[in-house]
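Participant: Provided herewith is a single structure, encoded as structure tokens, for subsequent inquiry.
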Amino acid sequence: MKFKRVLLKLSGEQFAGIRLSGIDAKFVNNLTKELKQVIDETGAQIAIVVGGGNFMRGASISDHGVERATGDYMGMLATIINGMALVDTLESNSQPARLQSKLRVEGVAEPFIRRRAIRHMEKGRVVIIAGGTGNPYFTTDTAAVTAGLELDCEAVLKGTKVDGVYDKDPVRHPDAKKYDSISHTEALQNPEINVMDNAAISLAMDNKLPIIVFELKPGNLKKVIEGEAIGSIVAHKQQT
């Protein structure tokens with residue numbers, strides 16, 4: 001196994017599954033079954049940062065009369081809804097899990113405490129981190145990289161609907177080139193490459209934290225954790 005401890009970033013859109021918004025319970029249930037299988041078979045320690053775009057995007061609503069900071073806090077609350085769904089479904093599939101939040105909501109989630117989160121993972125529990133960074137003007141991409149660094153994760157895994165990083169949008173450009181590996185610097189400099197936002201990539205680059213972008217379909221998470229070359233890796237130096 002290549003990775004012992006990883007941070008998995010899940011976007012809110014993935015929680016919607018085939019729906020336009022809300023939560024697709026079937027998707028969440030299938031994902032949690034796979035997470036349990038991966039942990040049972042690899043022994044990996046997994047933390048998950050969830051987005052909230054299936055309910056609310058702060059930047060979008062702020063264009064229509066709501067203050068940006070207020071919109072961002074609304075987005076953080078949306079991530080907590082997704083986190084609650086994920087932790088309960090994990091537990092119902094016999095995978096111990098804990099929900100922690102960087103936004104204070106003690107009635108439904110533990111406050112994020114670094115040492116407690118690490119201890120949970122050491123005991124085999126999945127730690128779901130909601131509430132973004134706890135501050136406005138930061139995306140959940142930045143929250144994922146921050147949490148990955150705080151929890152001493154070896155990599156941030158970004159599960160997406162595409163199979164890696166391309167030099168331009170593969171949906172609109174059939175001739176788009178897929179990268180097996182790319183440096184943080186190139187990901188920052190090429191405006192056509194949309195791995196994560198620039199703040200998240202810069203933070204990962206400064207701390208030499210690799211980001212692996214892969215298609216979130218059955219079997220792929222285990223392959224990534226075991227070190228198989230699928231998806232694309234964004235690393236301090238291009239991998240050969």
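Participant: R0 = 30 Å: FRET efficiency of residue 104 with residue 226, Cβ-based, nearest 0.05?
Facilitator: 0.20
Participant: For the range 110-150, compute Rg over Rh where Rg is the Cα radius of gyration and Rh is the Kirkwood radius from the inverse mean 1/r over Cα pairs.
Facilitator: We get a ratio of 0.98 for the range 110-150.
Participant: Of 162, 47, 194, whose Cα points farthest to the positive end of the dipole of the chain (charges on the beta-carbon: +1 Lys, Arg; -1 Asp, Glu; origin at the Cα centre)?
Facilitator: Result: 47, furthest along the dipole toward the positive end.
Participant: Would you list, by chain and number, the aspartates and glutamates whose Cα falls below 19 Å from the Cα of residue 223, excluding same-chain residues fewer than 8 positions away?
Facilitator: The reachable aspartates and glutamates, counting only those whose Cα sits under 19 Å from residue 223, are 34, 40, 41, 154, 163, 180, 215.
Participant: Would you please put 104-117, 84-97, 147-160 in order of how densely packed they are, using the mean number of other Cβ atoms within 10 angstrom per residue and starting with the highest?
Facilitator: Answer by packing, highest mean first, reads 147-160, 84-97, 104-117.
Participant: In µm²/s, what is D for the chain at 25 °C and 0.890 mPa s, where D = kT/(6 pi eta Rh) by Stokes-Einstein and Rh is the Kirkwood radius from Cα pairs?
Facilitator: D = 137 µm²/s.
Participant: Shifting gears a bit: Can you give me the C-alpha center-to-center distance between the range 210-240 and the range 51-127, rounded to a whole angstrom?
Facilitator: The two parts, judged by their Cα centres, are 24 Å apart.
Participant: Would you mind calculating the gained length between residue 176 and residue 70 on full extension (0.36 nm times residue separation, minus the Cα-Cα distance), in nm to one decimal?
Facilitator: The residue 176-residue 70 span can extend by a further 34.4 nm.
Participant: I've got another one for you. Cα-Cα over 22 Å: which of 4/222; 26/158; 177/222; 33/208; 9/102; 36/158?
Facilitator: 177/222; 33/208
Coordinate-derived values only; no laboratory data. Predicted model, so just to flag it, every value in this text is computed and none were measured. For neighbour counting, all protein chains shown are included, and Cβ atoms are generated from backbone atoms with ideal geometry for every residue, glycine included.
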